[in-house]
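Report on the structure given below.
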Amino acid sequence: MSLDIVVVTNNRISNLSTGILLFVIGFGGRIMLHDYPNFETVMVSIFLASMLLSLNMSFVITISIITFSDMYLGYFGTSKIILFTYSGFLLVSLITSKLKNQIKGDYNSNTVYKFTASGIIFAGVYDVWTNFGVFLLSYELTFENLILVYILGIPFMIYHLLSSIVTFSLLGFPLYYLFTTTNKNEYKIPTIKEMES
Amino acid sequence: MSETRNVIIAILVVNLLAFSGIVYETGYFDDEILDTSTIVTANIIIKFKNLGDNDTKIFDDITTTEATPYGILIAASENSYSVTASTDSVYGLYITSIAGWGDCDECQKEDGHFWLYSVNNESGDVAANRKIINDNDLVEWLYTNEY
């Protein structure tokens with residue numbers, strides 16, 4: 001970097017505004033898409049929060065989205081499975097925060113594919129974890145039942161993976177670049193000679 | 001500019017694949033070719049895992065003009081029990097309550113329980129109004145938390 005030029009970079013949108021926008025996308029998307037099981041915007045909102053904000057902030061966004069949407073839809077506290085759904089989303093948030101440097105990239109097609117792959121992987125992680133919760137809470141604990149739960153969950157998992165491709169590429173990628181687009185201002189620092197003249 | 005083009009192409013490619021998969025998975029185009037309007041006579045059992053065997057309802061030789069687990073459920077319900085259903089799902093119609101158990105305004109609900117059907121002891125693999133049943137089949141509706 002030149003010694004007499006300073007580049008000042010400002011995020012276009014503040015962390016608080018980013019958090020609020022992601023909450024609205026996650027909460028609103030879940031309500032609007034409620035009639036389409038496993039097609040939701042919660043996962044991509046949590047992913048973006050973890051990519052763009054601190055771990056603590058992303059946890060707050062994650063818990064807020066699922067708690068408020070559950071309360072709105074009347075699911076809050078109705079089943080013990082929320083122990084697994086909530087912790088599943090927090091797990092996605094944690095993994096994303098740890099791997100954000102590997103996931104992020106420039107504005108190119110490779111980053112689109114990385115975001116898409118992230119959607120598939122995180123939907124898979126979430127479904128494997130929550131299906132395990134279904135097994136623990138609803139079935140006799142035998143190995144055969146464990147396999148049965150995962151087999152019965154395959155159609156739902158496939159649909160969730162496919163819908164995650166859509167949300168992560170159509171929503172996640174563009175929003176990531178919207179949120180991270182920067183205003184770069186160059187300030188020239190005058191030299192001593194220039195100041196004296 | 002060429003980078004934007006590559007990004008758009010990448011997004012189109014992955015979404016084309018995803019939407020193709022979703023259409024295939026939901027059987028969207030299958031709906032047009034299924035004919036359920038056959039008269040069949042079959043047997044139906046309604047069980048409640050949460051209540052035990054004493055509350056099981058058995059109806060033999062029920063005739064319906066809609067040859068599906070949903071059709072036979074409705075046919076047997078006349079003067080016997082109430083049924084509510086919803087179509088608010090990409091998977092098609094699903095039963096929300098039978099005989100006052102499940103999701104309805106006046107219903108009792110057991111935590112984590114849903115209505116599932118089987119035909120001749122084989123679990124349903126499509127919506128209840130998309131599965132064809134035949135004469136003398138045994139349709140079982142079970143209120144259960146195992147799915």
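When residues of the stretch A:96-130 are filtered for being assigned to a loop (DSSP other than H, G, I, E, B) and in contact (Cβ under 8 Å) with a residue 12 or more places away in the chain, how many remain?
Residues that pass the stated criteria total 2.
Number of residues in the stretch B:72-107 that are touching a residue at least 60 places away in the same chain (Cβ under 8 Å) and more than 23 Å from residue A:38 (Cβ to Cβ): the value is 2.
Taking residue A:101, is it surrounded by fewer than 15 Cβ atoms within 10 Å (Cβ to Cβ) and more than 11 Å from every other protein chain (Cβ to nearest Cβ)? Spelling it out, residue A:101 is indeed surrounded by fewer than 15 Cβ atoms within 10 Å (Cβ to Cβ) and more than 11 Å from every other protein chain (Cβ to nearest Cβ). Taking the stretch B:38-93 as the range and being on the phi > 0 side of the Ramachandran plot and of a type in the set (D, E, K, R) as the test, only B:61 passes. Looking at the stretch A:116-156, which of the residues that are of a type in the set (Phe, Trp, Tyr) and away from chain B (no Cβ under 12 Å) is surrounded by the fewest Cβ atoms within 10 Å (Cβ to Cβ)? Across the stretch A:116-156, the extreme among qualifying residues is A:143.
Here residue A:56 meets each of (1) surrounded by fewer than 13 Cβ atoms within 10 Å (Cβ to Cβ); (2) modelled with pLDDT of 90 or more; (3) in contact with a Leu (Cβ under 9 Å, 6 or more places away or on another chain) with one exception, condition (3).
Which residues, counting only those in the stretch B:1-57, are at pLDDT below 80, within 14 Å of another protein chain (Cβ to nearest Cβ), within 28 Å of residue B:93 (Cβ to Cβ) and surrounded by fewer than 12 Cβ atoms within 10 Å (Cβ to Cβ)? The one that is at pLDDT below 80, within 14 Å of another protein chain (Cβ to nearest Cβ), within 28 Å of residue B:93 (Cβ to Cβ) and surrounded by fewer than 12 Cβ atoms within 10 Å (Cβ to Cβ): B:28.
Once the stretch A:1-34 is narrowed to residues that are modelled with pLDDT of 75 or more and in a loop (DSSP other than H, G, I, E, B), the residue that is surrounded by the most Cβ atoms within 10 Å (Cβ to Cβ) is A:33.
The values are calculated or read from the model by the stated rules, or taken from the named source; none is laboratory data. Given the structure is predicted, the values throughout are model-derived calculations rather than measurements. So basically every Cβ, Gly included, is an ideal-geometry build from the backbone, and we count neighbours across all protein chains shown.
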